[in-house]
Amino acid sequence: MKPTKPVENPTMKDVAARAKVSTATVSRALMNPDKVSQHTRHRVEQAAIEVGYLPHSLGRNIKRNESRTLLVIVPDICDPFFSEIIRGIEITAASHGYLVLIGDCAHQNQQEKTFIDLIITKQIDGMLLLGSHLPFGASKEDQRHLPPMVMANEFAPELELPTVHIDNLTAAFNAVSYLQKLGHKRIACIAGPEEMPHCRYRSQGYIQALRRNGIDVDPHYIARGDFTFEAGSTALEQLLALPQPPTAVFCHTDVMAMGAISCAKHHGLRVPEDLSIMGFDDIAQAKFCDPPLTTVAQPRFSIGKEAMLLLLEQLQGHTVSNGSRLLECVLVERGSTSPPGKGK
């Protein structure tokens, strides 16, 4: 038999191709082996080893008691928004004798097999998702056989998980209404990726606030970014090039708002006298930028703490119902917003 070469950064798709089965079958064979035939299970395991998805030393039927270890899956560990949520999780976990591992999904293909290894070798007792997707393929049926899971910050009904988050639609509606009360009529939005549930809700809040005040929604006033400083700056460049630039901008995150402030200054605009800019999240840097950022403050530590407590309930054998646990958020007024034309 010809020796097979491992695949660089193998994924579940590579295993499926080698075993000539679907990714759903791979997921089931690795994480829920009793649901597939012994022949299929063996073929999938052999394919996983050949492509380098699983190490040769990984045995089946590993019996362990509690590992007292939990996995937190973060969309992007470099995003400062997640720091306080993780702190809430870690402090609460430590107080109950649990260790927390952090898994960064920014490079999902490289991490997928690591997450699978942790699950099938029972090195983790539970998972907290800080994004809206599982970092590996798993059907609804397969999910029932995964370790207990809770979602924090996002809300994805299709995953049918208990989740802790804020009412993003209402928070965005209130933020834009605040700008309208200041007297702004040309209000733009720097939105996050459309596939993110919380971005869709914030966009809906923006649109509803405009319509409530009889303002037509102009799609040219909506620019999108990927939550980075650069994205906020690039989005504002696009908005300032419009025939009638906005007098205020509502941003889906503080990071993009700070990027927008930098861009405005580069164009010689004064914030807030010439352009009001509002963020969302109230990360630590928001109060220290120039000017300090008006924003929507999420209770990020509490989101992490409450999500961790829900996971602990499941680990203690209690039934936890799926669905939302909503926490309150508040609008924080600082120096980046004012009535339009205040300095003229």
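The values are calculated or read from the model by the stated rules, or taken from the named source; none is laboratory data. Worth saying up front: this structure is predicted, and the values here are computed from it rather than measured. When we count neighbours, we look across all protein chains shown, and the Cβ atoms used for this are built from the backbone with ideal geometry, even at glycine. Only protein heavy atoms, including side chains, enter the accessible area calculation; ligands, DNA and RNA are left aside. Shrake-Rupley method; radii C 1.70, N 1.55, O 1.52, S 1.80 Å.
Here are the numbers for the structure shown:
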item: Residues satisfying the stated conditions in the range 41-73, i.e. over 32 Å from the mean Cα position of the chain (by Cα), at pLDDT below 75 and of a type in the set (S, T, N, Q); result: S57, N61
item: Residue that is farthest from S203 (Cα to Cα), among those in the range 232-270 that are β-branched (V, I, T) and touching a Phe, Trp or Tyr at 6+ places or on another chain (Cβ under 8 Å); result: V255
item: All positions within the range 296-305 that are open to solvent by less than 10 Å² (accessible area, probe 1.4 Å), among the hydrophobic types (A, V, I, L, M, F, W, C) and either touching a His at 6+ places or on another chain (Cβ under 8 Å) or in a helix (DSSP H, G or I) (or both); result: I303
item: Extreme residue, most open to solvent (accessible area, probe 1.4 Å), among residues of the range 213-253 that are hydrophobic (A, V, I, L, M, F, W, C) and assigned to a helix (DSSP H, G or I); result: F229
item: Conditions (1) under 17 Å from the mean Cα position of the chain (by Cα); (2) more than 14 Å from V164 (Cα to Cα); (3) hydrophobic (A, V, I, L, M, F, W, C): number failed by L326; result: (2)
item: Any pair with Cβ under 7 angstrom, 6 or more apart, that starts in the range 11-32 at a residue that is basic (K, R) and ends at one that is at pLDDT below 85 and open to solvent by less than 10 Å² (accessible area, probe 1.4 Å); result: R18/A47; R18/V51; R28/D142
item: Residues being open to solvent by less than 20 Å² (accessible area, probe 1.4 Å) and either modelled with pLDDT of 95 or more or touching a strand residue (DSSP E or B) at 6+ places or on another chain (Cβ under 6 Å) (or both) - total across the range 148-164; result: 8
item: Cβ-Cβ under 7 Å pairs, at least 6 apart or on other chains, the range 282-309 side under 19 Å from G126 (Cβ atoms), far side open to solvent by less than 20 Å² (accessible area, probe 1.4 Å) and polar (S, T, N, Q); result: I303/N153; K305/T92; M308/T92; L309/T92
item: Test: residue in the range 283-295 that is outside any loop (DSSP other than H, G, I, E, B), open to solvent by 60 Å² or more (accessible area, probe 1.4 Å), out of contact with any Phe, Trp or Tyr (no Cβ under 7 Å at 6 or more places or on another chain) and among the polar types (S, T, N, Q); result: yes
item: Residues of the range 170-193 satisfying the condition of being over 16 Å from the mean Cα position of the chain (by Cα) and open to solvent by 20 Å² or more (accessible area, probe 1.4 Å); result: T170, F173, N174, Y178, Q180, K181, L182, G183, K185, R186
item: Residue list for the range 91-100, filter: without any contact (Cβ under 8 Å) to a residue 60 or more places away in the chain, open to solvent by 70 Å² or more (accessible area, probe 1.4 Å) and either of a type outside the set (A, V, I, L, M, F, W, C) or in a loop (DSSP other than H, G, I, E, B) (or both); result: S95
item: Count of residues meeting criterion [touching a helix residue (DSSP H, G or I) at 6+ places or on another chain (Cβ under 6 Å) and within 27 Å of S336 (Cβ to Cβ)] in the range 291-308; result: 7
item: Pair list, Cβ under 8 Å, 6 or more apart: the range 249-266 residue in contact (Cβ under 8 Å) with a residue 24 or more places away in the chain, other residue among the basic types (K, R) and open to solvent by less than 10 Å² (accessible area, probe 1.4 Å); result: H252/R202
item: Sole residue being over 18 Å from A264 (Cβ atoms) and polar (S, T, N, Q), chosen from Q238, Q208, Q244; result: Q208
